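> One structure, pasted below without further comment.
Where a number appears in this text, it was derived from the coordinates with a stated rule and is not lab data. Predicted, not measured: the structure shown is a model, and the values here were computed from it. Glycine also receives a Cβ, built like all others from the backbone with ideal geometry; neighbour counts cover every protein chain displayed.
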Amino acid sequence: MAYKVLKGVAIVVGIIAATLFAVRAFDAYRAAPLSRWHTFKPHELNAKEIDSSDWARYLAAENTAFEEVRREVTSKLDQRERVLANRYFDGSPIYPPRLSTDWNRSYVMMPDGAASGAVVLLHGLTDSPYSMRHIARRYRDEGFVALAIRLPGHGTVPAGLTSVDWEDWSAATRLAVREARRRAGEGQPLHIVGYSNGGALALKYALDALTDPTLPRPHRLILISPMIGITAFARFAGFFGLPAFFPAFANAAWLSVDPEFNPFKYNSFPINGARQSSLLTRPLQAQIGDLARRGQLDTLAPVLTFQSVVDFTVSARAVVTSLYGNLPANGSELVLFDVNRSSRFGALLRPSADTLLSQVLPQPPRNYRTAIIANADSGDEVEERVMEPGATREQLRPLGLKYPAEVYSLSHVALPFPIDDALYGLHPDMRDDYGVNLGAMALRGERGTLIVSPDSLMRMSSNPFFPYMLSRIDEGIVGRGHSVAKAPN
């Protein structure tokens with residue numbers, strides 16, 4: 001009887017899988033043809049090659065990859081692709097090599113005098129080192145060597161993410177730490193800042209360093225919207241890409257194929273990107289739990305995390321439960337940005353918004369410090385609501401900052417950018433001109449007119465509370481505040 005039941009279940013599962021495969025293949029077949037930036041993959045160093053490389057060789061390989069893109073993509077565009085909204089058209093105002101700085105590439109910012117420390121900055125998935133430039137500059141101004149590495153598969157063409165492995169990103173992280181330490185000198189403080197997928201990589205490196213004596217331990221970790229947990233779909237994304245093994249269904253390898261009008265971030269997203277994120281976060285969560293059970297997290301550097309309570313990309317709950325729920329009382333802190341609860345949005349927010357914070361945070365006392373950035377008495381002014389480790393009562397502090405009247409929440413992509421960021425800012429400072437501003441567009445018009453869905457441009461892309469976030473980061477740079485780590489043994 002049991003055999004018959006299992007056989008029946010297997011048949012049903014097989015039918016469902018075959019149906020999903022057929023639907024996915026049909027959708028891919030009738031989709032628009034892929035462009036060269038979806039099919040040409042520049043050569044990148046793999047994990048083994050990166051581990052045996054130095055910084056000079058990594059940059060040389062990076063230069064080669066960009067030259068390949070110029071030769072095999074930009075110079076071979078069809079006439080219909082030579083439009084101003086295409087970042088790969090050399091006549092476009094958003095063509096990265098034409099801009100004052102091509103922030104797609106790895107960079108090092110050196111302090112004016114002797115280095116007082118080193119910081120490695122890791123960008124997010126489909127992103128580029130551009131997202132780290134504001135924080136890198138602050139560290140540089142405080143005397144740190146600031147190194148932001150372009151992770152393999154990024155900054156060139158979206159096709160670069162179709163074959164990359166997360167181990168390549170981890171190897172690049174190790175190389176960045178080696179180079180930053182070399183430039184700053186032995187014995188100097190080491191910080192790692194990671195945004196989104198870069199946050200997962202930063203934490204993975206710090207955990208690996210707990211048990212690998214060859215890896216220098218960071219003194220401080222700063223995570224911004226870290227990818228500790230992702231959606232369930234990403235875990236099974238590889239299945240939906242299976243039809244792409246057949247050339248007629250090549251589009252099946254992509255979750256989205258969109259115009260590439262952003263000079264420093266891909267709009268198209270291959271399934272392998274989601275799959276590699278899943279392959280990174282699963283062992284990361286297991287490693288956190290295993291080290292916690294063995295008591296080895298006691299020597300982990302303090303972690304300062306900034307997270308929006310509403311995040312379409314990563315799980316805010318996973319940040320709390322999988323990471324902070326396992327941390328010892330080591331001076332770590334979690335900063336949460338609440339939704340805008342001013343009266344003008346009260347009737348429009350989903351009912352679940354009222355309980356977001358209680359859903360994410362466990363009841364106090366907690367081992368870590370929490371700071372909630374939220375409306376004061378339902379007005380536009382925001383305040384910091386602090387709960388110290390082990391405490392059960394909040395302390396309130398006005399910040400002198402406001403939620404912009406037209407903004408109902410932050411987002412996953414908003415946190416590392418000030419509101420005057422030239423590309424993503426709500427009120428851009430145009431002294432840096434990148435050919436387009438994506439954060440200040442107030443869209444009004446007829447549907448079907450734009451080359452992109454208005455939803456993608458409505459997403460909040462800058463952080464009105466960036467000055468607060470930067471001040472909290474500053475505290476650890478100059479040795480003040482709650483998240484300053486002691487030097488690892």
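> Per residue of the stretch 173-178, what does 6.51 cos²θ - 1.76 cosθ + 1.60 with θ = phi - 60° give for ³J(HN,Hα)? Whole Hz please, x for Gly and Pro, Karplus curve as stated.
4, 4, 5, 4, 5, 4
> Here is a further query. Report the extension gain between residue 101 and residue 114 in nm, rounded to one decimal, defined as 0.36 nm multiplied by the number of residues separating them, less their alpha carbon distance.
Additional length available on full extension: 2.2 nm.
> Between residue 142 and residue 475, what length comes free when the chain is fully extended (0.36 nm per residue of separation minus the Cα-Cα distance, one decimal in nm)?
118.8 nm
> Residue-wise, which Karplus ³J(HN,Hα) couplings in Hz belong to the stretch 196-204, taking 6.51 cos²θ - 1.76 cosθ + 1.60, θ = phi - 60°, and x for glycine or proline?
Each residue's phi maps through the Karplus curve to give 6, 4, x, x, 5, 5, 4, 5, 4 Hz.
> Applying the Karplus parametrisation 6.51 cos²θ - 1.76 cosθ + 1.60 with θ = phi - 60° to the phi angles of the stretch 361-368, what ³J(HN,Hα) value in whole Hz is obtained for each residue in order, glycine and proline being reported as x?
Going residue by residue, I get 8, x, 5, x, x, 10, 6, 10 Hz, with x marking Gly and Pro.
> I need 411, 128, 352 ordered by Cβ neighbour count within 10 Å, fewest first.
Listing 411, 128, 352 from fewest to most nearby Cβ atoms yields 352, 411, 128.
> Let me ask something else. Any idea what log10 I(q)/I(0) is at q = 0.15, 0.21 Å⁻¹ for the stretch 36-120, Debye with uniform C-alpha scatterers and no solvent?
-0.72, -1.06
> Determine which aspartates and glutamates satisfy two conditions relative to residue 48: a Cα distance under 18 Å, and not lying fewer than 8 residues away in the same chain.
62, 165, 167, 168, 179, 208, 212
> Report the FRET efficiency, 1/(1 + (r/R0)^6), for residue 63 and residue 441, where r is their Cβ-Cβ distance and R0 is 30 Å, rounded to 0.05.
Taking R0 as 30 Å, the efficiency between residue 63 and residue 441 is 0.35.
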